[in-house]
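Note sheet for the following structure.
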Amino acid sequence: MKETVLTDPIRLLIVDDEVGFVDILTKRLSRRNMEVTAAYSGTEAIQALRKQEFDVTVLDLKMEEMDGIEALKIFKKIDPKMMVIMLTGHGSAQAAREGIELGAFDYLTKPCELEELLVKITKAYQERNKDQTVPD
């Protein structure tokens, strides 16, 4: 039996209206076998989703133009299998739980450690692909 090794990069969409946060996260995650696309609003993220498929999305809950819950509902209509990890500020755990009820994979409180986010992204990716069998 062969061990499954992740060779294909994880296709990741990061959605947050904090430009500096997104840019730093994009650079750091791009070095970790991830194809990262940045979106600075829910609308920008929806446009990206219509152009390509993503394995995992990291989605901020609080954004100016369209909040994360609203964006999540649209994401799940476009790609029901896509895994979404919600990012929430201090005190927004109730809203993050609402996101999970609407189909988000998990949530993290900002600021979060990069390693913690990487673990969640990897678990979400594995969950998305668990039904796919790898031929021997």
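The values are calculated or read from the model by the stated rules, or taken from the named source; none is laboratory data. Since this is a predicted model, take the numbers as computed values, not measurements. Using ideal geometry, Cβ is built from the backbone for each residue, glycine included, and neighbour counts are taken over all protein chains shown.
Which of the residues belonging to segment 1-17 are modelled with pLDDT of 95 or more and of a type in the set (Lys, Arg)?
Hit for segment 1-17 is 11, nothing else.
Which ones in segment 81-109 are at pLDDT 90 or above and hydrophobic (A, V, I, L, M, F, W, C)?
Listed by number, the residues that qualify are 82, 83, 84, 85, 86, 87, 100, 102, 104, 105, 108.
What tally of residues in segment 18-51 results from selecting those that are in a loop (DSSP other than H, G, I, E, B) and modelled with pLDDT under 95?
Of the residues in that region, 4 qualify.
Which of the following residues is within 15 Å of the chain's Cα centre (by Cα) and β-branched (Val, Ile, Thr): 24, 10?
10
Do any residues in segment 53-73 that are in contact (Cβ under 8 Å) with a residue 60 or more places away in the chain have Cβ atoms under 8 Å from those of residues that are in a loop (DSSP other than H, G, I, E, B), where the two are at least six apart or on different chains, and which pairs are they?
Every condition considered, the pairs that remain are 55/82; 55/129; 56/82; 56/105; 58/16.
So if I check each of 110, 73, which one is of a type outside the set (Val, Ile, Thr) and under 20 Å from residue 27 (Cα atoms)?
Just one listed residue meets the conditions, 110.
List pairs: first residue in segment 97-118 and touching a residue at least 60 places away in the same chain (Cβ under 8 Å), second residue surrounded by fewer than 17 Cβ atoms within 10 Å (Cβ to Cβ) and part of a helix (DSSP H, G or I) anywhere in the structure, Cβ distance under 7 angstrom, at least six positions apart or on different chains.
These pairs meet every condition: 114/28.
To keep it simple, each residue is scored yes or no on (1) surrounded by 15 or more Cβ atoms within 10 Å (Cβ to Cβ); (2) touching a strand residue (DSSP E or B) at 6+ places or on another chain (Cβ under 9 Å); (3) aromatic (Phe, Trp, Tyr).
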site	(1), (2), (3)
41	yes, yes, no
58	yes, yes, no
64	no, no, no
89	no, yes, no
107	yes, yes, yes
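Taking segment 52-90, which residues are in a loop (DSSP other than H, G, I, E, B) and among the polar types (S, T, N, Q)?
52 - this is the single residue of segment 52-90 that is in a loop (DSSP other than H, G, I, E, B) and among the polar types (S, T, N, Q).
Could you list, ordered by first residue, the pairs with Cβ atoms under 9 Å in which the first is in segment 18-30 and closer than 15 Å to residue 118 by Cα and the second is β-branched (Val, Ile, Thr) and assigned to a helix (DSSP H, G or I), at least 6 apart or interchain?
Matching pairs, first to second residue: 29/121.
Could you grab me the full set of residues in segment 91-105 that are under 18 Å from residue 127 (Cβ atoms) and crowded, with 17+ Cβ neighbours inside 10 Å?
Answer for segment 91-105, where residues must be under 18 Å from residue 127 (Cβ atoms) and crowded, with 17+ Cβ neighbours inside 10 Å: 96, 99, 104, 105.
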